[in-house]
Each structure stands twice: as structure tokens, then as C-alpha cells.
1. So which residues in segment 184-198 are closer than 17 Å to residue 218 by Cα and touching a helix residue (DSSP H, G or I) at 6+ places or on another chain (Cβ under 7 Å)?
2. When segment 220-240 is examined, which residues are found to be without any contact (Cβ under 8 Å) to a residue 60 or more places away in the chain and exposed (fewer than 15 other Cβ atoms within 10 Å of the Cβ)?
3. How about segment 66-95: which of its residues are within 14 Å of residue 18 (Cβ to Cβ), in a helix (DSSP H, G or I) and under 16 Å from the mean Cα position of the chain (by Cα)?
4. Report the residue count in segment 96-123 for those that are assigned to a helix (DSSP H, G or I) and either of a type in the set (D, E, K, R) or within 25 Å of residue 226 (Cα to Cα) (or both).
5. Of all residues in segment 6-48, which are more than 25 Å from residue 196 (Cα to Cα) and polar (S, T, N, Q)?
6. Tell me which residues, restricted to segment 184-209, are over 16 Å from residue 248 (Cα atoms), at pLDDT below 95 and surrounded by 13 or more Cβ atoms within 10 Å (Cβ to Cβ).
7. Could you please tell me which pairs satisfy a Cβ distance under 6 Å, a separation of 6+ or placement on different chains, a first residue in segment 139-165 that is without any contact (Cβ under 8 Å) to a residue 60 or more places away in the chain, and a second residue that is of a type in the set (Val, Ile, Thr) and in a helix (DSSP H, G or I)?
Amino acid sequence: MTTDPYAAASLFDLSGKIALITGGSRGLGLQMARAFARAGADIIIASRKLEACETAAEEVRAMGRRALAIGVNASRWSAMDELLEAAWSAFGRLDIVVNNAGMSPAIPSHEVSEEWFDKIVSLNFKGPFRLASQAAKRMSDGAGGVIINVSSSGALVPLPRVVPYSGAKAALNAMTVSLAREYGPKVRVNTMSAGPFLTDIAKAWSEEARETADNSLRRPGRPEEIVTTALYLASPASSFTTGAIVRCDGGMG
């Protein structure tokens, strides 16, 4: 009996795949790490705090998958090169790369210092560019792969006090389209545009902001609601999707 390649279980099957997720120790990154592991992938979890990465990696190993924890500053050019070297050394390849690390401090635009501007743009665009471009070249030279750039509704919907962040995420969206064309057909590159989610950062929000949002669903997302969009973009289910911006934001304006 042959397996139906279009059955849901087959479309979202990541068995034997190796996935690298930056910012993978908490929030949406951790949700993706768990989901990819449940779908059969081995996971490399990278973020600034190694201890948090190790905790997440132990959770993945408890699912019967291999996991590697790497402490890294995802804003640094050389650190992205070192991360890829460590991944290839441990697993010999990458099939899925998720550029998820980011930050969005709310600062009135006229008060943004050059130091803050550089930090925000480096973490949300410079580091992701280096990781994606170098991973795409290696994937293109090998068996191919998938890159997912996690962007924000802030790149599409005007928001005050986060202009450097929104600009960096808009650059990430443009990068997705260009890299998809440059490294296709063996490498697919897509953006997952996330809206407001109730991750750790929501603890600093007002009670109203945690319960309502200016979107069609009138609420922020639960972290686990990112999973199906991430699985779609990481798996054979999206085999004809590349250079796309896929919104998971509850219907932002």
C-alpha cells in the first residue's frame, strides 16, 4: 500500500529534516521548535542565553529527536557564520532555517539613539541577512532547503514608536523575495508576518492590550497559533510557495 503524498500527515511530515531556529528558546521560536520536533525534525535551538537553549533542547530530546543548543548573538555577522559552521559540523546539513530572533522596543522616533538604531536593525535585518544568504548558498549547493524569515505586521501596517524595527522588518520582507529568486529553484524562501502574540513580551502590555487587538479577530494570538503557518512553510505542503509574505496576524488592517 503506497502512502498518499497529499494526505495531511505526509504534507506536514518533517521526518529526517534538520531545522535551525534562532530565538528558539522561548516565545514563537519555542512553539516552532516543539512543532517541528513533533513532525519528526531534529532541532538546533539558538538564542542569546545558552541555558534557556539547553532547557528547550532537553524538551526536544524528550520527544525522541536530536537537539543541539547554541548560545549566539543573532545580530552579529561573524556569529551567524559560526552558527552555520556549528550546525554543519553537528549534522552535515540544514534543511530548514528560521530567522526568528528579533526585538521591538517602543521608543519615540525623535529619541532613538544611533546605538539603539544599530542594535535594532542589526538583530532584525543584518544578522538574518547573513544567516539566510549563507544558508541559502549552502542549501543551493547541496540538496536544497527552506528558509523562513519571521517578520511583523509592523512592516505592513503603520505603527508609531517602532520605526527602525518596522523598517528592518520591511527590509526582511524585501530580502525574502530577492533570495527566493536568487537561490531558487532548490531553495524556497518565505516570510511569515506575525501580528501581536501573547508571548513573554505581552507581560509588559496593558490588560486591555492582552485581551483585544486592532485586527479582524479583535484579539492577540495565542503562541501555539503560529504553529500551522510555520509547519506549512517548512514542509512539503508549501512546495509551490516561495518569495511570499504569509500573514499570521488575525487580520491586521
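1. As a first pass, look at segment 184-198 and keep what is closer than 17 Å to residue 218 by Cα: 194-198.
194, 195, 197, 198 - these are the residues of segment 184-198 that are closer than 17 Å to residue 218 by Cα and touching a helix residue (DSSP H, G or I) at 6+ places or on another chain (Cβ under 7 Å).
2. Passing the criteria: 222, 228, 239, 240.
3. Passing the criteria: 83, 84.
4. Step one: list which residues in segment 96-123 are assigned to a helix (DSSP H, G or I), which gives 109-111, 114-123.
Those still in the list that are either of a type in the set (D, E, K, R) or within 25 Å of residue 226 (Cα to Cα) (or both) too: 111, 114-115, 118-123.
So the answer is 9.
5. 10, 15
6. Answer for segment 184-209, where residues must be over 16 Å from residue 248 (Cα atoms), at pLDDT below 95 and surrounded by 13 or more Cβ atoms within 10 Å (Cβ to Cβ): 201, 202, 205, 209.
7. 149/176; 164/120; 164/121
Here is a yes/no grid of residues against (1) assigned to a helix (DSSP H, G or I); (2) not basic (Lys, Arg):
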{"site": "125", "(1), (2)": "yes, yes"}
{"site": "129", "(1), (2)": "yes, yes"}
{"site": "137", "(1), (2)": "yes, no"}
{"site": "140", "(1), (2)": "yes, yes"}
{"site": "143", "(1), (2)": "no, yes"}
{"site": "147", "(1), (2)": "no, yes"}
{"site": "166", "(1), (2)": "yes, yes"}
{"site": "189", "(1), (2)": "no, yes"}
{"site": "192", "(1), (2)": "no, yes"}
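The values are calculated or read from the model by the stated rules, or taken from the named source; none is laboratory data. This one's a predicted model, so the numbers in the text were calculated from it and none came from an experiment. Please note: Cβ atoms are built from the backbone with ideal geometry, for glycine as well, and neighbour counts cover all protein chains shown.
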